Amino acid sequence: MPTMRAVQVSRPGGPLELVERPVPDPGAGSVRIKVQACGICHSDAMTKEGHWPGIEYPRVPGHEVIGVIDAVGRDVPARWQPGQRVGVGWHAWHCGSCDTCRRGDFFACQTGVQVTGISFDGGYADFAVAPAAALAVVPEELASPDAAPLMCAGVTTFNALRNSGARPGDLVAVLGIGGLGHLGVQYAARMGFRTAAIARGTDKEPLARQLGATQYIDSKATDPAAELVKLGGAKVVLATVTDGPAMAATVGGLAPHGRLMVLGAAGPMEVSPIPLIMGRRAIEGWYSGTSIDSQDTLAFSVQAGVRSMNEAYTLEKAAEAYDRMLSGKARFRVVLTTGN
Ligand SMILES: NC(=O)c1ccc[n+]([C@@H]2O[C@H](COP(=O)([O-])OP(=O)(O)OC[C@H]3O[C@@H](n4cnc5c(N)ncnc54)[C@H](OP(=O)(O)O)[C@@H]3O)[C@@H](O)[C@H]2O)c1
Ligand SMILES: [Zn+2]
């Protein structure tokens, strides 16, 4: 039986281990992808630490997968063929027909939500099997390591911004300049928003400005809400930080009808209702998007010249690469490459 390299977690909180595993076969409705690159997202901590309910271990993380289809299972639409380069993101399959899905609460689907790298193995491996419904076509112009982070960090920020209600010329602030945030700044600037970057310290200021931010707010040295008010108030704050209080600290900087879009999976935050009431401000959560949203993200990135800034690591160094992501020192996305 042919084998492959894979990096797996064997128990909640356990290490990332490089192992040999049989190459998986695609079941009905799925394809097998020869993985070329896979980004490391902060949400991979859900697999690593077992924060998502009901994960079956061992599990291979990774939901920013780019590679080439090398086998096609039964009942896969004919548009998916071996040799095509495709991407797979945080694909959250849900049944769409149970009572909770019909109410729009997909993550409570009674059949069980299926998420890449959480409920089935992801892209920290030479091969990954993915549902055909999760596939996005990758444009020729994008190298695989450049495309990988766009499958989660990219689509999440792009899709949140294009659904945020902000219009060209509005002030949009991106809170947290990491994997998601550095792409959020680029998308916001390319969509025509007056773009402010908010991060702690001054370290990230030059890069944030290079990526398109015209304003930079150091949340350690100043009150970010007061700084946003000085700029006229933000129509949208795109919150990519992993910290609830840091999100709450920006609410006072929203313009009337402004919206805090919560992307970061953070702990609780405490917000006074008064600024929400007086000015009809809103707080809204957002999660990534569909495979078509991913294709839109890839196409827009080519058209507008948005690129992820990456630090590449080989698959063997996945544990080191993951720690680098957690350290907050990566500029800005850590990407595993397989050499395939
Ligand atoms: N909603 C979705 O669909 C979705 C999709 C992908 C990811 N996520 C979530 O989004 C979050 C970000 O993911 P990521 O991959 O971008 O992580 P990341 O690369 O680790 O970036 C997180 C950034 O947040 C910054 N940060 C943390 N606490 C902060 C604070 N108190 N003030 C200012 N900045 C702070 C960190 O800055 P420092 O360098 O200063 O530490 C870091 O740059 C994670 O919670 C992830 O699980 C959600
Ligand atoms: Zn992610």
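Some notes on this structure:
- Scanning region 50-89 for residues that are under 19 Å from Ser144 (Cα atoms), out of contact with any strand residue (DSSP E or B) (no Cβ under 6 Å at 6 or more places or on another chain) and within 16 Å of ligand 1 (Cβ to nearest atom) yields Pro61, Gly89.
- Region 18-47 residues that are more than 16 Å from Arg59 (Cα to Cα) and without any contact (Cβ under 8 Å) to a residue 60 or more places away in the chain, paired with ones that are hydrophobic (A, V, I, L, M, F, W, C) and away from ligand 1 (no atom under 16 Å from the Cβ) (beta carbon under 9 Å, 6 or more apart): Ala28/Val76
- Segments classed as helices (runs of 4 or more DSSP H), wholly inside region 230-339, with at least 2 members that are assigned by TED's automatic domain parsing to the domain that holds Gly89 and in contact with a Pro (Cβ under 9 Å, 6 or more places away or on another chain): 291-304, 318-327
- Scanning region 188-218 for residues being in contact with a helix residue (DSSP H, G or I) (Cβ under 7 Å, 6 or more places away or on another chain), within 25 Å of Ser327 (Cβ to Cβ) and hydroxyl-bearing (Ser, Thr, Tyr) gives a total of 1.
- Counting only strands (runs of 3 or more DSSP E) wholly contained in region 65-175, the ones carrying 3 or more residues that are in the same structural domain as Ile33 (by TED's automatic domain parsing) occupy 65-72, 85-88, 127-131, 135-137.
- Pairs, first more than 10 Å from ligand 1 (Cβ to nearest atom) in region 318-337, second of a type in the set (Lys, Arg) and not in a loop (DSSP other than H, G, I, E, B), C-beta under 9 Å, six or more apart: Tyr322/Lys48; Leu336/Lys317
- Filtered by the rule that a residue be in contact with a helix residue (DSSP H, G or I) (Cβ under 6 Å, 6 or more places away or on another chain) and of a type outside the set (Val, Ile, Thr), region 96-109 gives Ala108, Cys109.
- Whichever residue in region 204-219 is in contact (Cβ under 8 Å) with a residue 24 or more places away in the chain and within 12 Å of ligand 1 (Cβ to nearest atom) and, among such residues, is nearest to Val185 (Cα to Cα): Ala208
- Against the conditions (1) more than 10 Å from ligand 1 (Cβ to nearest atom); (2) among the aliphatic types (A, V, I, L, M); (3) over 11 Å from the mean Cα position of the chain (by Cα), Leu150 satisfies every one except (3).
- Matching entry among Ile283, Ile292 (being crowded, with 17+ Cβ neighbours inside 10 Å and away from ligand 1 (no atom under 13 Å from the Cβ)): Ile283
- Failed condition for Leu263, given (1) surrounded by fewer than 24 Cβ atoms within 10 Å (Cβ to Cβ); (2) within 13 Å of ligand 1 (Cβ to nearest atom); (3) within 19 Å of the chain's Cα centre (by Cα): (1)
The values are calculated or read from the model by the stated rules, or taken from the named source; none is laboratory data. For clarity, every value in this text was computed on a predicted model and none was experimentally measured. Note that we place each Cβ from the backbone using ideal geometry, even for glycine, and neighbour counts take in every protein chain shown.
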